[in-house]
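*Asks:* Below you will find the structure I want to go over with you.
The values are calculated or read from the model by the stated rules, or taken from the named source; none is laboratory data. Nothing here was measured: the structure is a model prediction, and the numbers come from that model. Ideal geometry is used to build each Cβ from the backbone, glycine not excepted, and the neighbour counts take in all protein chains shown. What goes into the accessible areas is simple: the full protein's heavy atoms, side chains included, and nothing from ligands, DNA or RNA. Shrake-Rupley method; radii C 1.70, N 1.55, O 1.52, S 1.80 Å.
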Amino acid sequence: MAFVKLNDLEIEVEDGTNVVEAAREHGIEVPHYCYHPGLSRPANCRMCLVEPHVFFPPAGAIVPDRQLATGCTTVLRTAPPDRKLDGKYDFIVRTDSERVKKARADILEFLLVHHPLDCPVCDQAGECDLQDYSHRHGHDKSRYLEVKNVPPKKDLGPDVLLYATRCVVCTRCIRFADEVSGTGELGLVHRGSHDEIDIPRSHEGVPLQVLDNKLAGNVVDICPVGALISKDFLFKSRPWFLEKANSVCSGCSVGCNITVEYKADGVYRLKPRFHEDINQHWICDDGRLGYHYVNSDDRLQLPLKRVDDALTPTHWADALATITEKLSDIETEDIVVIGSAQGTNEDNYVLQQFAHDVLKTTQLGLFGQLPGEAHKFPQFTIEADKNPNTAGARTILGSANGNTVLEGDALWEKVSSAKVVYLVSGAPERPLEDAEKAALESVDFLVVQDVLPSEVTQFADVVLPGTTFAEKDGTFTNSTGWVQRIRKTIDPPGEARVDWEITQQLAKQLGGEMNYHFAGEIALEIAENVPGYADATHQKIGDAGIKLADSDQ
Amino acid sequence: MVEERRILYEHLDVPDINTFDVFRQYDGYTRFEKAITEYQPEDIAKMVMDSGLKGRGGAGFSTGLKWSFVPRDIKPCYLCCNADESEPGTFSNRYVLEKNPHLLIEGILICCYAMGIETTYVYIRGEFTLGKKMLDAAIKEAYEKGYLGKDIRGTGLNIDIYTHPGAGAYICGEETGLIESLEGKRGQPRNKPPFPAVEGVFGKPTVVQNVETLCNLPFIVGNGVEWYTQMGPTYADTRANPPTPDPNTGTKLYCISGDVNEPGVYELDLGLTCSELIEVAGGLRGEEVKAVIPGGSSAPILTHYELDTRLDFTSLTLAKSMLGSGGIIVMNETRNIVDCLLNIMKFYAHESCGQCTPCRWGTPWVRDIVQRIADGDGRKSTMTRPKFGVAENGRWGDTGETEEIYEDLDLLESVANNIANVDTMTWNTICVFGIAVSWPAVSYLRKFRPEFEAAIREGKLVTLPVAEATVPPEENYAYQQRFIPKEFADL
C-alpha cells in the first residue's frame, strides 16, 4: 500500500493505482476523456492533468513539479524508505490547485473549438462528459472566431453511427476494437485537426470492413461525447427521462451485469454495468439489442384457451379452472412439469414445490432456449447456452424432495408418454426441433406459460401469459456460479402475471398451501432449503451478486 | 575572423569518399578498430560522458548521460539513428548521408560496441532518396568488407544495420514518434516516461541518436577526450552547489540560410556569437539584421539586440531560446515578421500529429489568428488599459501610461501559452511539439509587437524599419526574466 497525500487527504491506496482511480475512490473527480479503466492509457486528451510533487526533491523541500502530469498515467507506488516525501508520503499530488484548474479549463476550450454545440439534437445530451465537465471545469465563453471543421456523418456499422463533428478524438473506440474485441475495425484517418475516426475504406469511400462485431455496441457506451451513437436508441428518448434499474442480461449464461433503462411504456435500452469477475465493463450486442421482445406488440396479454381448435382469449378464472379440472382427476405418473432456464430461481422453486406438494410428482423437466454460437474475444466471452439461469434452474428444480430433472431426449421421451404437461417456457421465439414437436403434439393436454406466441404455444391447450426478465424480481445463477438479482422495471403487458404467482395460484386452486408475497420471501426459503444457496438472499446479493460457495469454477 | 574547423565535414568533398576504399585511406574505420582493440565498451561510454558530447538533434541532452540510463542487463537493446532531418532550416545530416555515409556507419559501430547493441535502425527522412541510396550502398560495402554482419573482424561482434525511410511527417523526427513509425504504427509520440532508453523500439531499451551525434564518436575515440574538450566552451552550472561543469564541447554543423551572402553548412566550434556566424557565412545580404532564428523554425527568435548571444546549448537556453538542430535563419530589414510567423505556423498546423488535444486544435487556431492578422482582419478594441513595463522604481509594473488593446494579439499569446507555456517552460501536450509551436508564436509577438500592431491598425502587412519593429530588450518581459549567472557572463 502506498501512503499518498491527495489534496488535503491522507490516503492509502493499492500499489499501481493511478491518480484518477485513487481520487475517484475518495470522491474527488479528476475529469478525463481518453482514460477508461478497461483500456490502455494513451493520455491524449490531457484533461486529467494533476500537480504531482517532485519525486527527487532537493533536501527537505516539498515542491510541486514544474510540469503537470496526466493523472491516468501517474501511478502511485510505495517509495523506498529513504525517498519518502516529508518523511512519510510515498507521493504527494494535488488535483485542485490553480494551475490544474486553469489547465483543465484551457484543454476544455480546445476541445470545444470545433465542437458543433448541437446539444439540443444530440442523443448524448444529459449524459455527456463534455457538457458535465464544461459545466464544472470550463470557461464561461468561447474565444474561437475561426471556421469550424465539419467532418461528415458516417455509418460505421449495423448499429453505430459516427457524428464526427462531435468527436474529441479520445480514441477509446479504436482501443476497444483493438484490445477488447480484437477485431480492429476502427482507426484514425487524416492528421492533426482533421483527425477522424473511420472504418477502412477504398479510395472511393466504399467501406472495406464495417463495425460489425458482437461487441460493437460498447463503443457507443464508452464514447464520452455524442460522436458514436446507437441507431437503436437514436432520437428515441432524452436520457434524463429514463428510469434505471440494475439487472442482469438474460441473453446467455454469462450473466452480464446491466442497467435496464425504461419508461412506463417499455424498455428503451440496456447498458452494461461493471462487474469485475463477469463482464468487466462490457456486454455483447445480442444482449444489448435482445430486449425488443419485451416491448413487442405480440406479447401474450391474456390467457388463451383452445376452443374448436383455435386459441381464443379468455379470463384467468376460466383458464385456471380448465387446468384445475384437468389436473384433479389424473394419475401422478401421467403429469410432467417442466421448468424454464429462462425463469428465475424463485419461479423454479415455486414450480418444484407445486409439483412435489400438490401434484406429488418427482418428474420434472428443464426447458429453455436452444443453444447458439459461442464467441470468444480477447477480453470477453459469449456463451453457447442462451439461457441466463440454466445452472440455477437445474439445481433448484432438482434440489429438494428427491426430484429428478430431465433434459433433452430423456425429457421428450417422457413427454410423449404423458397425458398432461405443464410447460413453463419464457424463451422468446423458441423454434421447435422435430422430436420436440412430435412429443408435444402427442400430449393430451398441454399448458404453456410463455411471453410470446411461438411454435411452443401453438400446440398448447391453455396458454398462460408470463413475464420477461424486465417485469419481475428474482435471481439468476450464471454458468460460473454467481447468483445475481434482476429487478422489476415495467409492468407486464395486459393481464400477464409473474410466473411464480401463476404457479402459486394454480397450487392454491388445487388445494396446496402456498402463500408467498414477493420474490425475496421465496429466496429466503431457497436459502434455507437448497444446498449452496445459504447466502443467496436478496439482501446479501445486492448489486454485486454472490458467488456460490461450492462452485468450483 | 572566425575560422571553420572541419572535423565531421573534413573529407566531405574528397571524390568517392562514399566508397569504402577511399574512406579507408582517410583513416576510415581505424577509430572503430582502435575502439575494439584498445578499449572495453565501458571505457567508450566513459569517454563519451567525459567528452561532454551533447545530442545534436535538438534537445542537447548529454549523450553519455543518456547512455547511462540504458539498462545493461536487458537484451536485445537497439540503436535508432535519427536521420529524419525535418526541422525547417536544417540540412546538415543530409550531406553526411549523401557524401560520407561510411562515417555514420563507423559512428554506429562504435556506439553499438559501447552499448552492446546488435541491431541498428537508421530512420531516414523519406525525401532523402539519394541519401538513402548512398547509405544503403555503403552498408552493403561494409557488409562485404566484414565491418558489419556476424563476427566483425573476428571479434565476435554481431552488428546489423537496417535503413527505414520515413513517410514525410515532421513529428517522426521526435524520438518516440520515430519509434512508433519504425514499428509500423501511426507516427505519434509516446508518453514519457518510460523513456526510450528504458522502453523503446519493440518495448526494448533503445538508444536514439542523431546522425551528427553518432558522427562525432569516431573523432572522440580517435583523438581522445582531451582533444575534443578543447573545442567549445565549458560553463559552470550554478544551479548546483558547488557549480557543476556544463560542457558545450565539440563542433557543430550550423546550417545558415536566409539573408546571408553565402548560405550553407559551416562546421564551427560551439560558442561563437550570432554576429560572428553571419560574418563566416559571407556577411549579411541587405542593410541590417532584423532577426535571427537560432535553431530551426521552432526556436524563439533573436532580435538585433541579441546578436552577441553565443550559439551553444547553454547560452541559448539561458537566452530563452535554443540551439535546436542548428538551423540558423537570418532575416534582414525587408522581412515582415508577421508573415514569417504565418509561414511557420502554417507548417506546424499542417504537421501536428493530432494525437493530443492542445496541439491538435490549438495549432490550427494559432495559425488562423495569425492568418487573420496578416489578412488585415485582426481585431483591436476601442478601449485602453494601463500599460505594464519597467516602472519608475526600475521594476516590472504599472508604468502609469495607457495602451491600446489589440484583442487578437492577446488571444494569440494566450492560446499559444495554453498549448505550452513559454514563461514557465511547461507544456500541456504529450511531446515538445507544443513548445515548438508556442515558442515562436509568443517570442515573435513579444519581440516584434509593433509590426503585429501595425498590421492590425493598417489592415494590411506593414514592414516597419528594424528599430521601430523591435521591442527593446529592457521593455520585453521575457528578456527581463533572462537568467544570466555571473560565472556565465565572465566566460
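*Asks:* Provide B:M115, B:M1 ordered by accessible surface of protein heavy atoms (probe 1.4 Å), highest first.
*Replies:* B:M1, B:M115
*Asks:* Evaluate the Debye formula for chain B with equal point scatterers sitting on the alpha carbons, no solvent, and hand back log10 of I(q)/I(0) at q = 0.07 Å⁻¹, in q order, two decimals.
*Replies:* Per q value, in the given order, log10 I(q)/I(0) is -0.38.
*Asks:* Another question, if that's okay. I'd like to know how region A:304-547 sits against the 2.2 N^0.38 Å rule of thumb: what's its Cα Rg over that expected value?
*Replies:* 0.97
*Asks:* Now a separate question. If you take the charge dipole of region B:20-230 about its Cα centre, with +1 on Lys and Arg Cβ and -1 on Asp and Glu Cβ, which of B:T30, B:M47, B:A169 is farthest toward its positive end?
*Replies:* B:A169
*Asks:* Rounded to the nearest 10 Å², what accessible area does A:Y293 have for a 1.4 Å probe in the complete protein model?
*Replies:* A:Y293 has an accessible surface of roughly 30 Å² with all protein chains in place.
*Asks:* Further, regarding this structure: Rounded to the nearest 0.05, what FRET efficiency do A:T404 and B:D27 give with R0 = 56 Å and r taken as the Cβ-Cβ distance? Could you check?
*Replies:* Efficiency, from the Cβ-Cβ distance: 0.05.
*Asks:* Find how much the distance from A:F235 to A:I28 grows on full extension, using 0.36 nm per residue of separation minus their present alpha carbon separation; answer in nm with one decimal.
*Replies:* Roughly 71.2 nm would be gained on extension.
*Asks:* Moving to a separate point now. Can you give the FRET efficiency for A:N515 and A:D543, using 1/(1 + (r/R0)^6), R0 = 22 Å, r = Cβ-Cβ distance, to the nearest 0.05?
*Replies:* With R0 = 22 Å, the Cβ-Cβ based efficiency is 0.15.
*Asks:* Give me the base-10 log of I(q)/I(0) for region A:144-295 at each q in 0.15 Å⁻¹, Debye formula, one uniform scatterer per Cα, rounded to two decimals.
*Replies:* The calculated log intensity ratios at q = 0.15 Å⁻¹ are -0.82.
*Asks:* Still on this structure, please answer the following. Sticking with the crude label model, points 7 Å out along Cα→Cβ, report the distance from A:S296 to B:D136 in nm, one decimal please.
*Replies:* According to this spin-label approximation, the distance is 6.4 nm.
*Asks:* Using the crude model of +1 on Lys and Arg Cβ and -1 on Asp and Glu Cβ, and no other charge, please compute the dipole size for region A:304-547 relative to its Cα centre, in debye to 20.
*Replies:* With only Lys, Arg, Asp and Glu charged at Cβ, the dipole is about 700 debye.
*Asks:* Charges only on Cβ, +1 for Lys and Arg, -1 for Asp and Glu: so what's the dipole of region B:337-462 about the Cα centre, in debye to the nearest 20?
*Replies:* Around 260 debye, computed over region B:337-462.
*Asks:* Further question: When the label point is put 7 Å from the Cα of B:A467 along its Cα-to-beta-carbon vector, which residues of region B:376-393 have a backbone N closer than 11 Å?
*Replies:* Zone members listed by number: none at all.
*Asks:* Quick one: what Rg and Dmax do you get for region A:2-96 from the alpha carbons, in Å?
*Replies:* Cα radius of gyration and Dmax of region A:2-96 are 12.8, 39 Å respectively.
*Asks:* Continuing with this model, one more query. Students often get this wrong, so check it: of B:K132/B:K185; A:K488/A:K540; A:K102/A:K244, which have C-alpha atoms separated by over 29 Å?
*Replies:* A:K102/A:K244
*Asks:* P(r) for the protein assembly as shown, please, calculated from all Cα pair distances in 10 Å bins and given in %.
*Replies:* Calculated P(r), rounded to whole percents: 2, 9, 15, 17, 16, 12, 9, 8, 6, 4, 2, 0, 0.
*Asks:* At q = 0.13, 0.21 Å⁻¹, work out log10 I(q)/I(0) for region B:216-339 with the Debye formula, treating every Cα as an identical point scatterer and leaving solvent out; two decimals please.
*Replies:* One equal scatterer on each Cα of region B:216-339 leads to -0.54, -1.16.
*Asks:* Averaged per residue, what accessible surface does region B:247-334 expose to a 1.4 Å probe, in Å²?
*Replies:* Normalised by residue count, the accessible surface of region B:247-334 is 25 Å².
*Asks:* Rounded, prolate or oblate: pick one for region B:186-268, where a ≥ b ≥ c are the square roots of the eigenvalues of its C-alpha gyration tensor, a/c under 1.5 means rounded, and failing that, prolate if a/b is larger than b/c, else oblate.
*Replies:* oblate
*Asks:* Shape verdict for region A:296-346, please, from the Cα gyration tensor: rounded (a/c under 1.5), prolate (a/b greater than b/c) or oblate.
*Replies:* Judged from the Cα gyration tensor, region A:296-346 comes out oblate (a/c at least 1.5, b/c at or above a/b).
*Asks:* With point charges of +1 on the Cβ of Lys and Arg and -1 on the Cβ of Asp and Glu, referenced to the Cα centre of the protein assembly as shown, which listed residue (A:T324, B:W439, B:T120) lies farthest in the positive direction of the dipole?
*Replies:* Of the candidates, B:W439 comes out farthest on the positive side.
*Asks:* If a paramagnetic tag sat 7 Å from the Cα of A:V150 along the Cα-Cβ line, which residues of region A:94-117 would have the backbone N under 18 Å from that point?
*Replies:* Residues A:113-117 qualify, since their backbone N sits under 18 Å from the label point.
*Asks:* Also, quick follow-up: Report the Stokes-Einstein translational diffusion coefficient (µm² s⁻¹, integer) for chain A, Rh taken as the Kirkwood radius over Cα pairs, at 10 °C with viscosity 1.306 mPa s.
*Replies:* Taking Rh from Cα pairs, D becomes 60 µm²/s.
*Asks:* I've got another one for you. Suppose all protein chains stay in the model; what accessible area per residue would a 1.4 Å probe give for region A:350-489, in Å²?
*Replies:* 34
*Asks:* Follow-up question, since we're still on this one. Can you compute the helix-only [θ] at 222 nm over the protein assembly as shown? Use -39500 (n - 2.57) per DSSP H run of at least 4 residues, normalise by all residues, nearest 500 deg cm²/dmol.
*Replies:* -8500 deg cm²/dmol
*Asks:* Let me ask you something else. Could you work out how far the C-alpha centroid of region B:412-457 sits from that of region B:316-372, in angstrom?
*Replies:* 8
*Asks:* A further question on this structure: Give me the accessible area buried between chains A and B, both sides summed, with a 1.4 Å probe, in Å² rounded to the nearest 100.
*Replies:* Separately minus together, A and B give about 2800 Å² buried.
*Asks:* Calculate, for A:R83 and B:K145, the FRET efficiency according to 1/(1 + (r/R0)^6) with r their C-beta to C-beta distance and R0 56 Å; round to the nearest 0.05.
*Replies:* Rounded to the nearest 0.05, the efficiency is 0.65.
*Asks:* Which percent of the accessible area of the protein assembly as shown is formed by carbon and sulfur heavy atoms (probe 1.4 angstrom)?
*Replies:* Here carbon and sulfur together make up 50 percent of the probe-accessible area.
*Asks:* Quick one: P(r) of region B:20-230 from all Cα-Cα pairs, 10 Å bins, percents rounded to integers, in order of increasing distance.
*Replies:* Histogramming region B:20-230 at 10 Å steps yields 9, 38, 39, 14, 0 percent.
*Asks:* Separate question: On a 20 Å Cα-Cα criterion, which of the cross-link pairs B:K320/B:K447; A:K84/B:K192; A:K236/A:K263; B:K380/B:K460; A:K153/B:K346 come out too long?
*Replies:* With Cα atoms farther than 20 Å apart: A:K84/B:K192; A:K153/B:K346.
*Asks:* Using only protein heavy atoms and a 1.4 Å probe, report how much of B:D410 is accessible, in Å² to the nearest 10.
*Replies:* That residue has around 50 Å² of solvent-accessible surface.
*Asks:* According to a simple spin-label model (label point 7 Å from Cα along Cα-to-Cβ), what is the distance in nm between B:L12 and A:V54?
*Replies:* Here the answer is 4.1 nm between the modelled labels.
*Asks:* Working with all protein chains in place, sort B:T382, A:T171 by solvent-accessible area computed with a 1.4 Å probe, largest first.
*Replies:* B:T382, A:T171
*Asks:* Report the charge-dipole magnitude of region B:247-334 in Debye, nearest 20, computed about the Cα centre from +1 at each Lys and Arg Cβ and -1 at each Asp and Glu Cβ.
*Replies:* 320
*Asks:* Now for a separate question. On a straight-distance basis, which lysines could pair with A:K305 in a cross-link, Cα separation under 25 angstrom, same-chain partners fewer than 8 positions away excluded?
*Replies:* Candidates past the 8-residue exclusion: A:K326, A:K414, A:K419, A:K437, A:K472, A:K508.
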